[in-house]
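Q: Supplied in structure tokens, the structure appears directly below.
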Amino acid sequence: MSSENVTESSPLGPELAIAGSLSDGADVLVIGLYSGEDGPTAVVGDGFVADDVVADLVAALTAVGAKGKADELTRIPAPTALSAGSVVAVGLGKADGVTAEKVRKAAGIAARSLTGVGTAATTLSAVDLGAAAEGFYLGAYTFSEFKAKSAPDDDAKPVGRVELLSTAKKADATLARSVAIAEAVATARNFVNTPPSHLYPAEFASRAQAIGKAAGLEVEILDDKALEQGGYGGIFGVGKGSSRLPRLVRLKYASAKSDAPLVALVGKGITFDTGGISIKPAASMENMTSDMAGAAAVIATVALAAKLGLDVNVTATVPMAENMPSDTAQRPGDVLTQYGGTTVEVINTDAEGRLILADAIVRACADDPAYLIDTATLTGAQMVALGTRTPGVMGTDEFRDRVARISQEVGENGWPMPLPDELRADLNSRVADLANVTNHRWGGMLSAGIFLKEFVPEGVAWAHVDIAGPAYNTGGPFGYISKGGTGVPVRTLIAVLEDVAANG
Ligand code: BES
Ligand code: MN
Ligand code: ZN
């Protein structure tokens, strides 16, 4: 076997190729290192690197202090027997504890160190080809669309091509699936990273439509007039304060399998959240360009489901609005009528996400789905409860636990949270069926979930995924996660759809 048999090119990331042997064309070789009591051991797969070269490599890496611990990266000049110029060794921790996520992270860390490199080859793919591919692709992700005068020079450009050494059966199919998933994550990141000046409801809707059409989906867009006339009081009420009026996008993927179950996805698409008349202080407003991350994720996911041809029917119902203060904005104290007839007293216009989601949930459930997953940057309280990297998963008990478990498995780490009955009474309104906020701040993530629960019909298995923190990385890059949009929870959603396709 000599060169690669399949190459996946993608406009959003590096070219990834399967290789059966180490080619002369690689500028850098990326290997894994396991930690051990007697020093690190190299992960080089099945004969991709000659034994004596491996011994030299491990000796050189040990000499400069490499231990093989997670998050460790060591770069050394390559032994002369290798045609590559240098070797990057990334730690995987103990050999018996290696997981897909550890490989994904190590690959991401390696990819971030490879700026300016044309071609890299890696043996991480010998441990887990799919995870290595995802890690390299996502670790190399950058967003430079708006860098007009400071475009990255060659030394700062992400790695162009990665050769994944593998002799696995069905390597091509594994690679194609991983690249499709990574591409969907990058699509969601791009949406989140696009500034609100350029991504407003009508523009967001037309970009969603383009993605939907390209994936062969059925696309329906309701504009502001259709929303007002159609009784979508939540979406219209939140969106009417902006000169850039709201939209509702519906994307449908119909599986070829006639009796496939229907999964309804709903994602919050606030293209910017000022808070409205209940305006946010400047420091709390800074990151509100990320308030459409749920929408971005469900749009990318339904297109991905079509691309993968999953045996499950999927709809994405995506309300899009800009939450602005103005003379046409809704006021604290206003009462609106949600789609389906429930009236809501808007006590705080900054609790806008639940208002647009309620309309979308009722609309999505009119199709009688077996499962409903909504996802949203819904509450600051999510971060108070779980920190910035752990999505809160609420809903009906069994499906909530299933979604959280799958989220853990893919490394997005969603955690199950309760919807305590006693909080429901705190959403009673003096004038309407419901108030949009409680008069206290305790359990803010949960009371938002309890508000949404009012709109989910009996019998629908439901999960609500609050991604306020995890969708947007305001710190430095880590693993395969860049600054800004993370693409969470695309990988959870697609894994749940695959699980429903396989197990009902
Ligand atoms: N978009 C915010 C939630 C958010 C906060 C997302 C921080 C990401 C980071 C949401 O619309 C909001 O403003 N929620 C309020 C709810 C409150 C008024 C009950 C909040 O969390 O303060
Ligand atoms: Mn808000
Ligand atoms: Zn918001």
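Q: Looking at (1) more than 23 Å from the chain's Cα centre (by Cα); (2) farther than 25 Å from ALA366 by Cα; (3) not charged (D, E, K, R); (4) not in a helix (DSSP H, G or I), find the lone condition where ALA283 falls short.
A: (4)
Q: Okay, moving on. Assuming ILE450 fulfils every condition listed in (1) touching a helix residue (DSSP H, G or I) at 6+ places or on another chain (Cβ under 6 Å); (2) in contact (Cβ under 8 Å) with a residue 40 or more places away in the chain; (3) β-branched (Val, Ile, Thr) apart from one, which condition is it?
A: Unmet condition: (2).
Q: Residues in segment 199-234 that are part of a loop (DSSP other than H, G, I, E, B) and in contact (Cβ under 8 Å) with a residue 40 or more places away in the chain: how many?
A: Selection size over segment 199-234: 7.
Q: Which of (1) within 16 Å of ligand 3 (Cβ to nearest atom); (2) surrounded by 24 or more Cβ atoms within 10 Å (Cβ to Cβ); (3) outside any helix (DSSP H, G or I) is the odd one out, the single condition ASN348 does not satisfy?
A: Unmet for ASN348, out of (1) within 16 Å of ligand 3 (Cβ to nearest atom); (2) surrounded by 24 or more Cβ atoms within 10 Å (Cβ to Cβ); (3) outside any helix (DSSP H, G or I): (2).
Q: Please verify whether segment 49-70 includes one or more residues that are among the acidic types (Asp, Glu) and within 27 Å of the chain's Cα centre (by Cα).
A: No, segment 49-70 has no match at all.
Q: Would you tally the residues in segment 23-47 being at pLDDT 95 or above, buried (at least 17 other Cβ atoms within 10 Å of the Cβ) and of a type outside the set (Asp, Glu)?
A: Adding up the residues that qualify gives 11.
Q: Out of all the residues in segment 236-270, which are within 13 Å of ligand 2 (Cβ to nearest atom) and charged (D, E, K, R)?
A: Selection gives LYS268 alone.
Q: While we're looking at this one, here's another question. Identify the residue in segment 380-411 that is surrounded by fewer than 23 Cβ atoms within 10 Å (Cβ to Cβ) and within 16 Å of ligand 2 (Cβ to nearest atom) and, among all such residues, is nearest to ASP224 (Cα to Cα).
A: GLY380
Q: Pull up segment 327-345, narrow it to residues that are more than 16 Å from ligand 1 (Cβ to nearest atom) and small (Gly, Ala, Ser), then point me to the one that is surrounded by the most Cβ atoms within 10 Å (Cβ to Cβ).
A: For segment 327-345, the residue satisfying everything is GLY340.
Q: While we're here: Can you confirm whether segment 316-325 contains a residue that is within 16 Å of ligand 1 (Cβ to nearest atom), in a loop (DSSP other than H, G, I, E, B), out of contact with any strand residue (DSSP E or B) (no Cβ under 7 Å at 6 or more places or on another chain) and among the aliphatic types (A, V, I, L, M)?
A: Yes, segment 316-325 has at least one match.
Q: Here is a list: ILE270, ILE277. Which entry is part of a loop (DSSP other than H, G, I, E, B), of a type in the set (A, V, I, L, M) and within 16 Å of ligand 1 (Cβ to nearest atom)?
A: Testing whether each residue is part of a loop (DSSP other than H, G, I, E, B), of a type in the set (A, V, I, L, M) and within 16 Å of ligand 1 (Cβ to nearest atom) leaves just ILE277.
Q: Which residues, counting only those in segment 279-298, are more than 11 Å from ligand 3 (Cβ to nearest atom) and closer than 14 Å to PRO325 by Cβ?
A: ILE279, PRO281, ALA282
Q: While we're here: Give me a count of the residues in segment 276-289 that are near ligand 2 (Cβ under 8 Å from one of its atoms) and either within 21 Å of ARG189 (Cα to Cα) or not assigned by TED's automatic domain parsing to the domain that holds ALA188 (or both).
A: The total comes to 1.
Q: Then there is this: Return only the number of the condition from (1) touching a residue at least 60 places away in the same chain (Cβ under 8 Å); (2) more than 20 Å from PRO477 (Cβ to Cβ) that ARG112 does not satisfy.
A: Going through the list (1) touching a residue at least 60 places away in the same chain (Cβ under 8 Å); (2) more than 20 Å from PRO477 (Cβ to Cβ), ARG112 breaks only (2).
Q: If you scan segment 128-168, which residues turn out to be among the basic types (Lys, Arg) and either more than 21 Å from GLY32 (Cα to Cα) or not assigned by TED's automatic domain parsing to the domain that holds LYS102 (or both)?
A: Those that are among the basic types (Lys, Arg) and either more than 21 Å from GLY32 (Cα to Cα) or not assigned by TED's automatic domain parsing to the domain that holds LYS102 (or both): LYS147, LYS149, LYS157.
Q: Can you pull out every residue in segment 352-379 that is in a loop (DSSP other than H, G, I, E, B), hydrophobic (A, V, I, L, M, F, W, C) and crowded, with 24+ Cβ neighbours inside 10 Å?
A: The one that is in a loop (DSSP other than H, G, I, E, B), hydrophobic (A, V, I, L, M, F, W, C) and crowded, with 24+ Cβ neighbours inside 10 Å: LEU378.
Q: Yes or no: ASP273 more than 13 Å from ligand 2 (Cβ to nearest atom), among the charged types (D, E, K, R) and either modelled with pLDDT of 95 or more or surrounded by fewer than 24 Cβ atoms within 10 Å (Cβ to Cβ) (or both)?
A: Answer is no for this residue.
The values are calculated or read from the model by the stated rules, or taken from the named source; none is laboratory data. Predicted model, so just to flag it, every value in this text is computed and none were measured. A quick note on method: Cβ atoms are made from the backbone with ideal geometry, for glycine too, and the neighbour counts reach across all protein chains shown.
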